[in-house]
There are 2 protein chains.
Amino acid sequence: MSLEPVLARLDAELPAATERLLDLLRIPSVSTDPANKADCERAADWLVADLRSIGVAAEKRPTTGHPMVVGHVEGDGPHLLFYGHYDVQPVDPIDLWDRDPFDPQVQDTAAGPVIRGRGSSDDKGQLMTFVEACRAWKAEYGSLPCSITFFFEGEEESGSPSLIPFMKENADELKADIALICDTGLFDSTTPAIITMLRGMLGEELTIKAASRDLHSGMYGGVAANPIRVLSGIIAGLHDETGRVTVPGFYDGVPEMSNEIIAQWDDLKFDHTAFLNSVGLSEPSGETGRRPLEMIWSRPTCEVNGIWGGYTGDGFKTVLPADAHAKISFRLVGTQDPHKIRENFRAHVSAQLPPDVEVEFRGHGASPASQMSIEDPAFDKARQALSDEWPLPAAYVGCGGSIPIAGYFKSILGMDAMLVGFGKDDDQIHSPNEKYDVDSFHKGMRSWARILDALTR
Amino acid sequence: MSLEPVLARLDAELPAATERLLDLLRIPSVSTDPANKADCERAADWLVADLRSIGVAAEKRPTTGHPMVVGHVEGDGPHLLFYGHYDVQPVDPIDLWDRDPFDPQVQDTAAGPVIRGRGSSDDKGQLMTFVEACRAWKAEYGSLPCSITFFFEGEEESGSPSLIPFMKENADELKADIALICDTGLFDSTTPAIITMLRGMLGEELTIKAASRDLHSGMYGGVAANPIRVLSGIIAGLHDETGRVTVPGFYDGVPEMSNEIIAQWDDLKFDHTAFLNSVGLSEPSGETGRRPLEMIWSRPTCEVNGIWGGYTGDGFKTVLPADAHAKISFRLVGTQDPHKIRENFRAHVSAQLPPDVEVEFRGHGASPASQMSIEDPAFDKARQALSDEWPLPAAYVGCGGSIPIAGYFKSILGMDAMLVGFGKDDDQIHSPNEKYDVDSFHKGMRSWARILDALTR
């Protein structure tokens, strides 16, 4: 079977493929918000119907949270599993969006046309690049080039609580030769990338409590412990003056990169200035003496993702609140143990509390970092296929984000994962005005067609 | 004219007076929320009608914000001005209320019956104690005992932006021999109090900004400045390890209390333990070596009343927000200059900002502390009248709260203010489940009848 007709069909079908993606983007499948539960179901239904339309035996599979979508198609050659997620991030702050996040649109921009809307890049647009490549293959040759299992989840943006139980219960059904994951980015707009290192993630939510009720600051101010001040002190103390995290034992298992790896990364000529300037910044924050690319790919972090307490409305209210809250996440590398760090973090915070002040912790996701086995020849084949599609050769890179499923594929199903994606740094994922370049979408489909061809030769 | 029939009438009329107060409490006159603008108008209308029903020439007077209510009645003897406010605090967190804050009710408690609802103590219930005393006097004798100006504002809980302009424009109309203010508390449930020292207030709202948009913590975490961390560091640094405020020049104009005053306060046998225990605390926070009563009445403070930034909803979102916010207030004493402190605070914060981080300030109310001229014989007359009503003699006390109008009566209208109120520490003003003891309401009316009698003899 020749690849060229499939690529030609993907070019011709781009408008129709775009319409299909817009249709999926209209479903507000925000997994963290209970109000969107039915929307998550609708997104799963949409995917089941779409997979069936290209001959995949797909079905919605219940979990205690949002459903999985699993589909199979039999063929010759290797057995691939493709993973993506149909859930999306919340849209707040909604007033910073230029349009309804769930009324997506193709917009012309100076840098070319983009598909604007929540989930366009993370991850519905990316997921559909693979589905569209399969659709074109099926249309051209009547079948897919090999055995493929499609595996879509709906809880990736909320810590994937159902994922591990589901993978364990359905391990035999889900096992394949290699997992393909499309939830990452290009290295830059001309250089595709295959991720070989992924940071892990640990989420913690704190509630600091002092008095049994909100107090009047005229009556109790200066005398009663103020949970906002206690929380601020704890957060301010989580980093030392060199930007290192102060939680005891935090750096256990954090490797220094070899000179060889650092040299490879230097070869990529990453534009640190442009990276910062693109979001209105000029100087790297973080650990003294380390460059941004090194920090993002190979250093662990501790960040505060949300904070709230007291009166936050219009005007002023002189209240001392009874409690204050923060959401804190850690990005992990090497062999850092998320469970040990959670334990150390909680002990570290608890040890700092003044009299009468209590803390409650609520754990969110915990996943270790991953390192891919790039000795598998599939990696070099895919790298060549990507290099054929894009202006510059594909790079093996690290990734600052956390895609815990890559680790689960290895630990639960015993298979390697290959992460290839077409997002760009300016896609504004997790932010207002998320977009996906039409070019990412189009060349993404073509890239998957090339990879399918390369892996089945 | 004898006082006894007036007191007897107040006893008999208590149920009717309570119904009137409940009626006023049903109006959700939250002045800080633009959504309640019409409700503030309704509360003013209600008061105009009620004053007219007892023969006061009252009217609603427009301002650029919520209206004032001004009423006059002519008589012999001294000319008194009575001040109160008809606006109330916001009700959040609404889920901690046991009932609708604006569906007030008389409830039986172990400590006696209470009137439960937002504004019951602060300040509608207090305000009505004086009106009810006047109503009984009028019913008994056909007129009030002296010239009285009634002056109610609707912006006290939102910094009184219209108050100074209104007082200046209507200075001749508002001038009287002394101002009476009912917006404070008893010293304890058996000891009434006249406030002789009031702390001032300064409000500031900060917005810390870094990147031009929200960022993904996987991509930028550890590299981009995080406004929540910057804000937390600023807040954590506002106090030193002895609890003193670190803003340069903050303690300029803060007097040490004389041994005589400290001895007077000691005589009051304030139960510091009970004060803290009543709100679930056991140890004083704040300046090392100073006792709660001293801190509340005579020491300046800096407190954080609200903080927010990033993702604060259900679940988790690994965002680095573009901005973070806090509402910070200072309580001032002695001759601390609020404008100078505002300036120093802003310079102090600005000097701490790391590269790429900006701050925006929004000023809220600024008022200096007040000291009353208790040489005026009216103070001793009122003290005696209160001592006749309550189990224990009335005390001259300080007040931790800020009632800027007391200072304005002096600086703009040249008259002293006498602050007498019947609130209790457990009234939960500014908090969920605010209440006013029926006993406070009842003995409050009787106290004002006695004070009117004493001041006009």
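The values are calculated or read from the model by the stated rules, or taken from the named source; none is laboratory data. Predicted, not measured: the structure shown is a model, and the values here were computed from it. Cβ: placed from backbone, ideal geometry, glycine included. Neighbour counts: every protein chain shown.
In the range A:264-289, what count of residues is obtained for those that are more than 21 Å from A:Glu241 (Cα to Cα) and not polar (S, T, N, Q)? It would help to see each step written out before you state the result.
As a first pass, look at the range A:264-289 and keep what is more than 21 Å from A:Glu241 (Cα to Cα): A:264-280.
Those still in the list that are not polar (S, T, N, Q) too: A:265-272, A:274-276, A:279-280.
Number of matching residues: 13.
Can you pull out every residue in the range B:358-376 that is in a loop (DSSP other than H, G, I, E, B) and in contact with a Lys or Arg (Cβ under 7 Å, 6 or more places away or on another chain)?
Matches in the range B:358-376: B:Ala369 only.
Scan the range A:383-398 and give yes if some residue there is within 12 Å of chain B (Cβ to nearest Cβ), closer than 23 Å to A:Thr191 by Cβ and touching a helix residue (DSSP H, G or I) at 6+ places or on another chain (Cβ under 6 Å), otherwise no. Can you show your working first?
Narrowing the range A:383-398 to residues within 12 Å of chain B (Cβ to nearest Cβ): A:398.
Those left that are additionally closer than 23 Å to A:Thr191 by Cβ: A:398.
Okay, now just the ones that are also touching a helix residue (DSSP H, G or I) at 6+ places or on another chain (Cβ under 6 Å), so A:398.
The answer is yes, given that some residue of the range A:383-398 is within 12 Å of chain B (Cβ to nearest Cβ), closer than 23 Å to A:Thr191 by Cβ and touching a helix residue (DSSP H, G or I) at 6+ places or on another chain (Cβ under 6 Å).
How about the range B:382-432: which of its residues are part of a helix (DSSP H, G or I) and either touching a Gly at 6+ places or on another chain (Cβ under 8 Å) or among the polar types (S, T, N, Q) (or both)?
So the first thing to find is which residues in the range B:382-432 are part of a helix (DSSP H, G or I), and the list is B:382-389, B:404-413, B:425-427.
Once the filter is applied, which keeps residues that are part of a helix (DSSP H, G or I) and either touching a Gly at 6+ places or on another chain (Cβ under 8 Å) or among the polar types (S, T, N, Q) (or both), the range B:382-432 yields B:Gln384, B:Ser387, B:Pro404, B:Gly407, B:Ser411, B:Asp425, B:Asp427.
Please report, ordered by residue number, the helices (runs of 4 or more DSSP H) entirely within the range B:250-307 with at least 1 residues that are within 14 Å of chain A (Cβ to nearest Cβ), surrounded by 13 or more Cβ atoms within 10 Å (Cβ to Cβ) and among the aromatic types (Phe, Trp, Tyr).
B:272-277, B:292-298
Suppose we keep only residues that are of a type outside the set (A, V, I, L, M) and within 12 Å of chain A (Cβ to nearest Cβ) within the range B:194-206. Which one would you say is farthest from the chain's Cα centre (by Cα)?
Checking each candidate, the answer is B:Glu205.
If a residue must be of a type outside the set (Gly, Ala, Ser) and touching a helix residue (DSSP H, G or I) at 6+ places or on another chain (Cβ under 6 Å), how many such residues does the range A:1-24 contain?
First pass over the range A:1-24, keeping only residues of a type outside the set (Gly, Ala, Ser): A:1, A:3-7, A:9-11, A:13-15, A:18-24.
Still in the list and also touching a helix residue (DSSP H, G or I) at 6+ places or on another chain (Cβ under 6 Å): A:1, A:3, A:5-7, A:9-10, A:14, A:21, A:24.
Within the range A:1-24, residues that are of a type outside the set (Gly, Ala, Ser) and touching a helix residue (DSSP H, G or I) at 6+ places or on another chain (Cβ under 6 Å) number 10.
Residue check: is B:Leu96 surrounded by fewer than 19 Cβ atoms within 10 Å (Cβ to Cβ), touching a His at 6+ places or on another chain (Cβ under 6 Å) and more than 20 Å from B:Ile405 (Cβ to Cβ)? First the steps, then the outcome.
Working: surrounded by fewer than 19 Cβ atoms within 10 Å (Cβ to Cβ): yes; touching a His at 6+ places or on another chain (Cβ under 6 Å): no; more than 20 Å from B:Ile405 (Cβ to Cβ): yes.
Against the criterion (surrounded by fewer than 19 Cβ atoms within 10 Å (Cβ to Cβ), touching a His at 6+ places or on another chain (Cβ under 6 Å) and more than 20 Å from B:Ile405 (Cβ to Cβ)), B:Leu96 does not qualify.
Under the condition of being away from chain B (no Cβ under 14 Å) and among the hydroxyl-bearing types (Ser, Thr, Tyr), which residue from the range A:405-444 is surrounded by the most Cβ atoms within 10 Å (Cβ to Cβ)?
A:Tyr436
Residues A:Gly221, A:Gly237: which one is within 7 Å of chain B (Cβ to nearest Cβ) and touching a residue at least 40 places away in the same chain (Cβ under 8 Å)? Walk me through how you get there before you give the answer.
Values: A:Gly237 fails: within 7 Å of chain B (Cβ to nearest Cβ).
The conditions single out A:Gly221.
Run down B:Leu186, B:Leu180 and say which single residue is away from every other protein chain (no Cβ under 14 Å) and buried (at least 22 other Cβ atoms within 10 Å of the Cβ).
Numbers: B:Leu186 fails: away from every other protein chain (no Cβ under 14 Å).
Going through B:Leu186, B:Leu180 in turn, just one is away from every other protein chain (no Cβ under 14 Å) and buried (at least 22 other Cβ atoms within 10 Å of the Cβ): B:Leu180.
Collect the residues in the range B:398-430 that are small (Gly, Ala, Ser) and in contact (Cβ under 8 Å) with a residue 60 or more places away in the chain, keeping them in residue-number order.
So in the range B:398-430, the residues small (Gly, Ala, Ser) come out as B:398, B:400-402, B:406-407, B:411, B:414, B:417, B:421, B:423.
Once the filter is applied, which keeps residues that are small (Gly, Ala, Ser) and in contact (Cβ under 8 Å) with a residue 60 or more places away in the chain, the range B:398-430 yields B:Gly398, B:Gly400, B:Gly401, B:Ser402, B:Ala406, B:Gly407, B:Gly414, B:Ala417, B:Gly421, B:Gly423.
Please report, ordered by residue number, the strands (runs of 3 or more DSSP E) entirely within the range B:30-145 with at least 2 residues that are in the same structural domain as B:Pro377 (by TED's automatic domain parsing), of a type in the set (D, E, K, R) and under 25 Å from B:Tyr408 (Cβ atoms). Please lay out each step first, then the result.
On the way: elements: B:57-61, B:68-73, B:79-85, B:105-109, B:112-116.
Result: B:57-61.
Just to verify a result, which residue in the range B:308-336, among those that are touching a residue at least 12 places away in the same chain (Cβ under 8 Å), touching a strand residue (DSSP E or B) at 6+ places or on another chain (Cβ under 9 Å) and not in a strand (DSSP E or B), is surrounded by the most Cβ atoms within 10 Å (Cβ to Cβ)? It would help to see each step written out before you state the result.
Step one: list which residues in the range B:308-336 are touching a residue at least 12 places away in the same chain (Cβ under 8 Å), which gives B:308-310, B:318-336.
The next check asks that each one be touching a strand residue (DSSP E or B) at 6+ places or on another chain (Cβ under 9 Å); those that pass are B:308-310, B:318-334, B:336.
Next, only the ones that are not in a strand (DSSP E or B) stay: B:318, B:321-322, B:333-334, B:336.
Numbers: B:Thr318: 27, B:Pro321: 29, B:Ala322: 23, B:Val333: 25, B:Gly334: 20, B:Gln336: 23.
Per the criteria, the residue is B:Pro321.
Kindly list the number of the only condition in (1) in contact with a helix residue (DSSP H, G or I) (Cβ under 7 Å, 6 or more places away or on another chain); (2) not in a strand (DSSP E or B) that fails for A:Phe150.
So the condition that A:Phe150 fails would be (2).
Consider A:Gly222 carefully, then state whether it is farther than 30 Å from A:Lys443 by Cβ, over 23 Å from the mean Cα position of the chain (by Cα) and at pLDDT below 95. Please lay out each step first, then the result.
Working: farther than 30 Å from A:Lys443 by Cβ: yes; over 23 Å from the mean Cα position of the chain (by Cα): yes; at pLDDT below 95: yes.
Yes: the conditions hold for A:Gly222.
Quick one: is A:Leu231 closer than 30 Å to A:Pro321 by Cα, more than 7 Å from chain B (Cβ to nearest Cβ) and out of contact with any Ser or Thr (no Cβ under 7 Å at 6 or more places or on another chain)?
On the way: closer than 30 Å to A:Pro321 by Cα: yes; more than 7 Å from chain B (Cβ to nearest Cβ): yes; out of contact with any Ser or Thr (no Cβ under 7 Å at 6 or more places or on another chain): yes.
Here the answer is yes, as A:Leu231 does meet what is asked.
Filtering the range A:61-89 down to residues that are closer than 12 Å to A:Gly154 by Cα and either of a type in the set (A, V, I, L, M) or surrounded by fewer than 16 Cβ atoms within 10 Å (Cβ to Cβ) (or both), which residue is farthest from the other protein chains (Cβ to nearest Cβ)? Lay out the reasoning, then the answer.
Going through the range A:61-89, the residues closer than 12 Å to A:Gly154 by Cα turn out to be A:61-70, A:83-89.
When the remaining residues are screened for being either of a type in the set (A, V, I, L, M) or surrounded by fewer than 16 Cβ atoms within 10 Å (Cβ to Cβ) (or both), the result is A:62, A:64, A:68-70, A:88.
On the way: A:Pro62: 20, A:Thr64: 15, A:Met68: 19, A:Val69: 21, A:Val70: 24, A:Val88: 11 Å.
Across the range A:61-89, the extreme among qualifying residues is A:Val70.
Kindly provide the set of residues from the range B:65-108 that are out of contact with any Lys or Arg (no Cβ under 9 Å at 6 or more places or on another chain), farther than 24 Å from B:Leu51 by Cβ and of a type in the set (Asp, Glu), ordered by number.
B:Asp95, B:Asp100, B:Asp108
Scanning for something touching a Leu at 6+ places or on another chain (Cβ under 7 Å), of a type in the set (D, E, K, R) and crowded, with 24+ Cβ neighbours inside 10 Å, does the range A:120-136 turn up at least one residue?
yes
For the range B:333-376, how many residues meet the condition of being touching a Gly at 6+ places or on another chain (Cβ under 6 Å) and at pLDDT below 95?
Of the residues in the range B:333-376, 8 are touching a Gly at 6+ places or on another chain (Cβ under 6 Å) and at pLDDT below 95.
Specify which of the listed residues (B:Phe345, B:Phe379) is in a helix (DSSP H, G or I), more than 26 Å from A:Tyr311 (Cα to Cα) and more than 10 Å from chain A (Cβ to nearest Cβ). Explain how you work it out, then say what you get.
Values: B:Phe345 fails: more than 26 Å from A:Tyr311 (Cα to Cα).
Being in a helix (DSSP H, G or I), more than 26 Å from A:Tyr311 (Cα to Cα) and more than 10 Å from chain A (Cβ to nearest Cβ) holds for just one of B:Phe345, B:Phe379, which is B:Phe379.
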